[in-house]
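Novice: Dumping the structure here so I can ask a few things about it.
The values are calculated or read from the model by the stated rules, or taken from the named source; none is laboratory data. From a predicted model like this one, the values you see are computed outputs, not experimental measurements. Here Cβ is always computed from backbone atoms with ideal geometry, including for glycine, and neighbour counts include all displayed protein chains.
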Amino acid sequence: MKMEALEGYLKLANSKKRDKFLKDHEENNKDSNKAVNDLFPKFSFEFNNVNDRSTAKCAKAVRVAVIDKIIRLSSLAWKEIKALPREQGFEKIGRDSFKSLPGDIPHKFKDQDKIDVFRLPSKKGRLIGFIEGDTFYVVWVDTKFDMYNH
């Protein structure tokens with residue numbers, strides 16, 4: 001970063017202009033969730049650390065299937081993913097349909113009534129978690145097909 005730009009940023013950081021900038025930025029982005037359908041998905045594994053349900057504990061073939069699924073979905077906008085049949089896209093399943101949810105549900109999703117499920121190719125399993133904005137948070141990988149009633 002050039003020195004002039006850095007100095008300008010520091011002045012902005014300590015001024016009323018900064019407050020106005022932040023207010024304007026918030027105002028300009030208040031409708032950003034309406035545009036989520038036009039965005040491409042992001043995938044987070046930050047909560048995927050539950051015992052035998054994490055990608056780290058999966059067989060190599062399952063980890064490859066996870067990457068394959070993410071690559072395919074990443075080339076589609078959310079509106080295209082939502083239009084896919086559930087076998088290729090995802091479905092929302094009521095929390096009460098789950099037999100078990102190993103470990104704790106991440107705090108930020110405690111109030112969610114539905115859980116999102118993406119099927120992996122070649123019947124390798126399912127990615128189970130939550131969609132928030134344009135991000136799918138993978139919490140569990142179900143390779144045993146025993147987490148909910150089908």
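Novice: With the condition being among the small types (Gly, Ala, Ser), I'd like the strands (runs of 3 or more DSSP E) fully within segment 76-150 carrying at least 1 qualifying residues.
Specialist: Passing ranges, in order: 90-94, 126-132.
Novice: Additional query: Pick from segment 114-150 the residues that are over 16 Å from the mean Cα position of the chain (by Cα) and surrounded by fewer than 16 Cβ atoms within 10 Å (Cβ to Cβ): which of them is nearest to Phe40 (Cα to Cα)?
Specialist: That would be Pro121.
So that you can scan it fast, the table gives a plain yes or no per residue for (1) farther than 13 Å from Val141 by Cα; (2) surrounded by 11 or more Cβ atoms within 10 Å (Cβ to Cβ); (3) modelled with pLDDT of 60 or more:
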site: Met1; (1), (2), (3): yes, no, no
site: Tyr9; (1), (2), (3): yes, yes, no
site: Glu27; (1), (2), (3): yes, no, yes
site: Val62; (1), (2), (3): no, yes, yes
site: Ile71; (1), (2), (3): yes, no, yes
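Novice: Moving on. Any idea which of (1) under 19 Å from Phe45 (Cα atoms); (2) assigned by TED's automatic domain parsing to the domain that holds Glu46 is the one Lys82 doesn't satisfy?
Specialist: (1)
Novice: Can you pull out every residue in segment 40-86 that is acidic (Asp, Glu) and touching a strand residue (DSSP E or B) at 6+ places or on another chain (Cβ under 8 Å)?
Specialist: Glu46
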